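Working notes, beginning with the structure itself.
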């Protein structure tokens, strides 16, 4: 796939014309979420610490919103007993005057969320949720594999 298909990801290379498509599956998956209508940018964030693992697309301000958005997820987990009648949280979407921020579950262990920033209207949050879950399943399968194959 040509580099032009991934304009939102910066690549490092030795030669100016040696740019290649990303091979990191998490970066590819986040770029796919960014291509959804209405989405401006997204990040893979550790839900327990707020540490940003990957970013794709644009962000507003200094980028600290990625980390701060994980607080919404932690707040839900601290208060989840109050929301039990509605079942587990599928997404936290906060609509502000100038756009929306969605915090979507990605992986339970390690606890990862995808934070999506976009226009208030036009974002298909269910599709973003599906893509975030698919990213989580892919990451989980990579983590479940042994790092070194042992001879039988």
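The values are calculated or read from the model by the stated rules, or taken from the named source; none is laboratory data. As the structure is a computational prediction, the values presented were derived from the model and not from experiment. A quick note on method: Cβ atoms are made from the backbone with ideal geometry, for glycine too, and the neighbour counts reach across all protein chains shown.
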Go through the residues of region 47-66 one by one and say whether even a single one is surrounded by 14 or more Cβ atoms within 10 Å (Cβ to Cβ), under 17 Å from the mean Cα position of the chain (by Cα) and assigned to a helix (DSSP H, G or I).
yes
Could you list, ordered by first residue, the pairs with Cβ atoms under 6 Å in which the first is in region 89-103 and on the phi < 0 side of the Ramachandran plot and surrounded by fewer than 16 Cβ atoms within 10 Å (Cβ to Cβ) and the second is part of a strand (DSSP E or B) and at pLDDT 90 or above, at least 6 apart or interchain?
94/101
Does region 34-41 contain any residue that is within 17 Å of residue 135 (Cα to Cα), at pLDDT 90 or above and surrounded by fewer than 16 Cβ atoms within 10 Å (Cβ to Cβ)?
yes
Quick one: what pairs do we get from region 47-71, first residue in contact (Cβ under 8 Å) with a residue 60 or more places away in the chain and at negative phi, second surrounded by 17 or more Cβ atoms within 10 Å (Cβ to Cβ) and in a loop (DSSP other than H, G, I, E, B), C-beta under 8 Å, 6+ apart or different chains?
47/111; 48/111
